[in-house]
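Below is one structure, written out as structure tokens; comments come after it.
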Amino acid sequence: MKKFTKLLLWLILAIAIAQFGLGINPALAKAAAHYTELEFPPLPELSIPDYERYELDNGMVVYLMEDHKLPLIQGTALIKVGSRWEKPQQVGLAELTGITWRSGGTKYHSPTEINLLLENKAAIIESSIGTSLGNVSFNALSSDIETILPLFGEIIRYPDFDAQQVTIAKTRIEGGIARRNDNPGAIANREFNKLIYGEDSPYARTVEYETLKPLERKDVIRFYQTYVHPEQVILGIIGDFETNQIKELISATFADWSDTKVTKDLTIPVAQQKLLSGVYLVDQPQLTQSNIVLGHIGGELQDPDYPTLSVLNGLLNGFGGRLFREVRSRQGLAYSVYGVWRPRYDYPGLFIAGAQTRSETTVPLIESLKTEIDQIRTTPITDAELDYAKNSILNSFVFEFEQPSQTLSRLMSYEYYGYPEDFIFTYQQQVQNTTTAELLRVAQTHLKPENIVILVVGNQSQIEPPLTSLQSEPKILEISRS
């Protein structure tokens, strides 16, 4: 055995010497190139796949986009309804309606029957209502479309909002209220919205036990009847289908849906910044770190300066961004840090920056963020930074148009909010045309240090130096306890 082992070692040594001598050592055969030496082909031009848009006589808009790569088909109906139109004393009604729209069955199928039917077909139908729109969607095998699309239409047109399902949904929402203070980051985002928009604003208010408890099935039905009508619906279907055949099925499902002409107010609520400055604290003695959010009200996507503000986002964020390099890498104040101009389609969004850091580095991190915001307003950036920021935005387009369904979703959203179809291409061109001077002008116009509100969710006793070093006395926020 000893003799065999010795022979094996000599054999391995001989092979290694032979490889080295012949220059075929696999480890040395091809050294990895430095990343600066890598070459990539140019990005493909953006293009929109062929699609058809038309309207039914009842005003319902339909988008169709064939995609035969897989034997699948999916559809989405965007409905002009949202929590921003619910009454202040009924906060939670839109969410309750969105959940039970699908789970509450229809006039022709009970919730259990629908669940079994979808399970047997391996299909999905879901519904929800957010702040500014409602959504009912399906996903199924294309071979089952003659079963799934009529059921999808039945759920949109004839929901029953089963009383037991309404009760179950209310319990589920109550569970969310009970757990909403478990996550410090969630607390920070929720309370920051209230500080900026006002706690009674449709863009910041939250469902409470006292607004949820009185809601009944009749309230859900009335909310649905008020807002859901064919002329308020944009339907998009993509997948493995023939256009002429699917149009016949859509007509059979939706063409006889008539508008009941219920009066409804779709005026978009105004959003304004309520508090123009200040330092606020949610004291959480059990925490060892602070969640920090600071910023002010922002703008809308249709703002002419939005493309340049996107470049500003690219300048601040990412592994090569200023915040990452300065606040994280050089100062070591946070593992992740961000600063984002976050617009909305039809109401002002936010400019928001933040991070999570140790309690004792709370104040240094806030000061560092404010310094970076000031600097971007006062000092022109370099050409290299501009190229980095623009490329970070333009290269991301590849992922935003990776699937035809993403393109269809974008087209539907543009129509829903009244944006031009070529909005994305105009935006892309303006990002490419951004200059250092333009970015400086936009930063000086839109970033307003004097309006910055600061919110910290952390352990006050461990924050040293204290928040009073930022302002005379931080205001303590009492969050609702479950």
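Being among the hydroxyl-bearing types (Ser, Thr, Tyr), touching a helix residue (DSSP H, G or I) at 6+ places or on another chain (Cβ under 9 Å) and assigned to a strand (DSSP E or B): is that true of Ser132 here? Spelling it out, it is not the case that Ser132 is among the hydroxyl-bearing types (Ser, Thr, Tyr), touching a helix residue (DSSP H, G or I) at 6+ places or on another chain (Cβ under 9 Å) and assigned to a strand (DSSP E or B). Every listed requirement among (1) open to solvent by 70 Å² or more (accessible area, probe 1.4 Å); (2) among the small types (Gly, Ala, Ser); (3) over 30 Å from Thr357 (Cα atoms) is met by Ser461 save one, (3).
Contact map, the range 332-348: residues that are surrounded by 19 or more Cβ atoms within 10 Å (Cβ to Cβ) paired with residues that are assigned to a loop (DSSP other than H, G, I, E, B) and of a type in the set (Ser, Thr, Tyr), Cβ distance under 8 Å, separation 6+ or inter-chain. Pairs shown: Tyr347/Ser132; Tyr347/Tyr203. Cβ-Cβ contacts under 7 Å between residues 6 or more apart (or on different chains), taken from a first residue in the range 68-90 that is open to solvent by 60 Å² or more (accessible area, probe 1.4 Å) to a second residue that is of a type in the set (D, E, K, R) and in a loop (DSSP other than H, G, I, E, B), are listed as His68/Asp240; Leu70/Asp240; Pro71/Asp240; Leu72/Asp240; Pro88/Asp200.
Matching residues to (1) in contact (Cβ under 8 Å) with a residue 12 or more places away in the chain; (2) over 30 Å from Leu350 (Cβ atoms):
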residue: Asp200; (1), (2): yes, no
residue: Tyr203; (1), (2): yes, no
residue: Ile221; (1), (2): yes, yes
residue: Glu231; (1), (2): yes, yes
residue: Gly236; (1), (2): yes, no
residue: Asn244; (1), (2): no, yes
residue: Val279; (1), (2): yes, no
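When Ala204, Ala140, Ala188 are checked against the criterion of being outside any helix (DSSP H, G or I) and in contact with a strand residue (DSSP E or B) (Cβ under 8 Å, 6 or more places away or on another chain), a single residue qualifies: Ala140.
Among residues belonging to the range 91-101 that are open to solvent by less than 60 Å² (accessible area, probe 1.4 Å) and in contact with a strand residue (DSSP E or B) (Cβ under 8 Å, 6 or more places away or on another chain), point out the one that is farthest from Glu154 (Cα to Cα). So, considering only residues that are open to solvent by less than 60 Å² (accessible area, probe 1.4 Å) and in contact with a strand residue (DSSP E or B) (Cβ under 8 Å, 6 or more places away or on another chain), the one farthest from Glu154 (Cα to Cα) is Ala94. Looking at (1) in contact (Cβ under 8 Å) with a residue 60 or more places away in the chain; (2) open to solvent by 30 Å² or more (accessible area, probe 1.4 Å); (3) β-branched (Val, Ile, Thr), can you tell me which one Thr171 breaks? Only one criterion in (1) in contact (Cβ under 8 Å) with a residue 60 or more places away in the chain; (2) open to solvent by 30 Å² or more (accessible area, probe 1.4 Å); (3) β-branched (Val, Ile, Thr) is unmet by Thr171, namely (1).
When the range 292-304 is filtered for residues that are over 19 Å from the mean Cα position of the chain (by Cα) and either farther than 30 Å from Val456 by Cβ or surrounded by fewer than 19 Cβ atoms within 10 Å (Cβ to Cβ) (or both), the ones remaining, listed by number, are Asp303, Pro304.
Does the range 242-258 contain any residue that is among the acidic types (Asp, Glu) and part of a loop (DSSP other than H, G, I, E, B)? So far as the range 242-258 goes, yes, one or more of its residues are among the acidic types (Asp, Glu) and part of a loop (DSSP other than H, G, I, E, B).
Among the residues that make up the range 108-120, is at least one of them at pLDDT 95 or above and closer than 19 Å to Lys218 by Cβ? Yes, the range 108-120 contains at least one residue that is at pLDDT 95 or above and closer than 19 Å to Lys218 by Cβ.
Among residues that are surrounded by fewer than 16 Cβ atoms within 10 Å (Cβ to Cβ), small (Gly, Ala, Ser) and in a helix (DSSP H, G or I), Gly153 is not included.
Residues that are closer than 28 Å to Gln232 by Cβ, of a type in the set (S, T, N, Q) and either assigned to a helix (DSSP H, G or I) or in contact (Cβ under 8 Å) with a residue 12 or more places away in the chain (or both) within the range 390-433 comprise Ser405, Gln406, Thr407, Ser409, Ser413, Thr426, listed in sequence order.
The single condition among (1) in contact with a Ser or Thr (Cβ under 8 Å, 6 or more places away or on another chain); (2) in a helix (DSSP H, G or I); (3) buried (at least 22 other Cβ atoms within 10 Å of the Cβ) that Ile114 does not satisfy is (3).
The values are calculated or read from the model by the stated rules, or taken from the named source; none is laboratory data. Keep in mind that what you see is a predicted model, and the values were worked out from it rather than measured. When we count neighbours, we look across all protein chains shown, and the Cβ atoms used for this are built from the backbone with ideal geometry, even at glycine. Heads up: the accessible areas ignore ligands, DNA and RNA and are worked out on the full protein's heavy atoms, side chains in. Shrake-Rupley method; radii C 1.70, N 1.55, O 1.52, S 1.80 Å.
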